[in-house]
Amino acid sequence: MSGKDDLELSHDELLIDRDIPLTDAEVDKLLLLPTECPPGANDRVQALFADKVLGSVYPNPIRNIDDEWQFGTWIKHVRESARLSPRIIAAALNKDESFVERLEAGDILPWTLSPHAGASLARLFRIHINAIKQLVKHTYSATNAASNSHLGLSSSTELSETILLWQNALQDELRHLNAIHLLQ
Amino acid sequence: MINNANFICRLQDGDMAAFDILFSQLNEKLCARIAKRYRLRYQDVEEIISGVFFEVHQTVAKSYNPSKGKLTTWIFDIAKKRAIDHIRWLNSPRQQFLSTSYSLDSTASQNICEVSQCLFVPPSQGHSGKEDEAASPGKRRAQRALDSLDERDKNILRLRQLMTYEEIAEIEKTPVNTLRSDYSRAKMRLFTAFEKDNDP
């Protein structure tokens, strides 16, 4: 095996190579070798992995979400159903793990996200714009019932306008990211 | 640690933290191994390894049998098979065709004029009909496939290199969905012509 490591394998060799299983001893040796990966490779692989897992759970965009769900709790529910850790989701969103935890806990409200972060989240979780609006509405109802003061907004009208502007910016960003399937 | 029975139980029970550990301990090793052994672009390696982790994530509970070998061996073996499958897929005629098309797309985005000169030179401007001797075999096949199409197909393929469907719809006064179908059919005819052409 090691003698051919730096040679290009022919088609036939590839076929043979595929059919010969590796042994424990061979893999143990491989694990001892030093490795060097390009910067950011770990995060990119995690992002691709998260996308594959969520894509297998939700092959089509999610268009309707039950009234019971708020934005953060829904994200947490989907993540846990897919058996993905906050770290993997964070890597896929190019954010820290704490961002995902705060989002799920409701400490970060959806309309306070940048349109780019919101669109990345929508794309990763395959949330259609209509479902996002539903989630925002449920979250808004829950938080508005509690208090507006901690949001830094003086009135519920101001908050409604903020949400509307955010949703419009989000749609523009989804268009920009070519995620048309989440808009149609 | 990864091959420890307790860890394997956690993994097979769907423990997310255990999967994080598996990922952090094996990702770089797997990427480095596949990149070195099969001389693949790192972008391809990342795609393969993410697929390997996906397969492990989905099937470890059902498919991994500790009595047949270590967990790490099972995972490296999946990685090897997927890398070989990927190479065979890359070498398939369809993929060679698409990679040629992709190079056209990137050229188009950089320099529209270059594309029109390179691939869509109108006969009136002196396309000699002779194939470019310096071009790669794949590119020559693509050129011959393009030449075999009718003008409408060539037109939609050319326009699509340069504009969005919406922009073409505005110019051509044609519904976007019709354009999408036309483009899809033209691309299919181009691909069929490409596949039929066995000359180097």
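The values are calculated or read from the model by the stated rules, or taken from the named source; none is laboratory data. Everything numeric here is computed off the predicted structure, so don't read it as measured data. When we count neighbours, we look across all protein chains shown, and the Cβ atoms used for this are built from the backbone with ideal geometry, even at glycine. Ligands, DNA and RNA are excluded from the accessible area calculation, which covers all protein heavy atoms including side chains. Shrake-Rupley method; radii C 1.70, N 1.55, O 1.52, S 1.80 Å.
A few comments on the model shown:
- Filtered by the rule that a residue be in contact (Cβ under 8 Å) with a residue 24 or more places away in the chain, part of a loop (DSSP other than H, G, I, E, B) and within 18 Å of the chain's Cα centre (by Cα), the stretch B:38-81 gives a lone residue, B:L40.
- Subset of the stretch B:144-186 [among the hydroxyl-bearing types (S, T, Y) and either free of Cβ contacts under 8 Å to residues at least 24 places away in the same chain or farther than 20 Å from A:I180 by Cβ (or both)]: B:S148, B:T164, B:Y165, B:T174, B:T178, B:S181, B:S184
- No other residue among B:F23, B:F19, B:F97 is closer than 21 Å to A:R79 by Cα and either open to solvent by less than 10 Å² (accessible area, probe 1.4 Å) or at pLDDT below 90 (or both) apart from B:F23.
- Subset of the stretch B:3-12 [open to solvent by 50 Å² or more (accessible area, probe 1.4 Å) and either outside any helix (DSSP H, G or I) or not charged (D, E, K, R) (or both)]: B:N3, B:N4, B:A5, B:N6, B:C9, B:Q12
- Only one entry in A:L31, A:L54 is at the interface with chain B (Cβ under 7 Å from one of its Cβ atoms) and either surrounded by 20 or more Cβ atoms within 10 Å (Cβ to Cβ) or touching a Phe, Trp or Tyr at 6+ places or on another chain (Cβ under 9 Å) (or both), namely A:L31.
- Boolean, A:V45 is at pLDDT 90 or above and farther than 22 Å from A:G118 by Cα: no
- If only residues of the stretch A:63-80 that are open to solvent by 80 Å² or more (accessible area, probe 1.4 Å) and assigned to a loop (DSSP other than H, G, I, E, B) are counted, the one that is nearest to the other protein chains (Cβ to nearest Cβ) is A:R63.
- The requirement of being closer than 22 Å to B:S184 by Cβ, open to solvent by less than 20 Å² (accessible area, probe 1.4 Å) and modelled with pLDDT of 55 or more is fulfilled nowhere in the stretch B:117-131; no residue meets it.
- Between A:S120, A:S98, the distinction of being at pLDDT 85 or above, surrounded by fewer than 19 Cβ atoms within 10 Å (Cβ to Cβ), small (G, A, S) and part of a helix (DSSP H, G or I) belongs to A:S98 only.
- Residues located in the stretch B:13-37, provided they are over 21 Å from B:K81 (Cβ atoms) and either more than 7 Å from chain A (Cβ to nearest Cβ) or part of a loop (DSSP other than H, G, I, E, B) (or both): B:D13, B:G14, B:D15, B:A18, B:I21, B:S24
- Restricting the stretch B:43-53 to residues that are facing chain A (nearest Cβ under 7 Å) and open to solvent by less than 50 Å² (accessible area, probe 1.4 Å), the residue that is nearest to A:C37 (Cα to Cα): B:E46
- For the stretch A:101-116, filtered to residues that are surrounded by 18 or more Cβ atoms within 10 Å (Cβ to Cβ) and under 29 Å from B:V56 (Cβ atoms), the residue that is farthest from the other protein chains (Cβ to nearest Cβ) is A:L103.
- Condition met for A:R83 (within 12 Å of chain B (Cβ to nearest Cβ), in contact (Cβ under 8 Å) with a residue 12 or more places away in the chain, over 26 Å from B:I87 (Cβ atoms) and in a helix (DSSP H, G or I)): no
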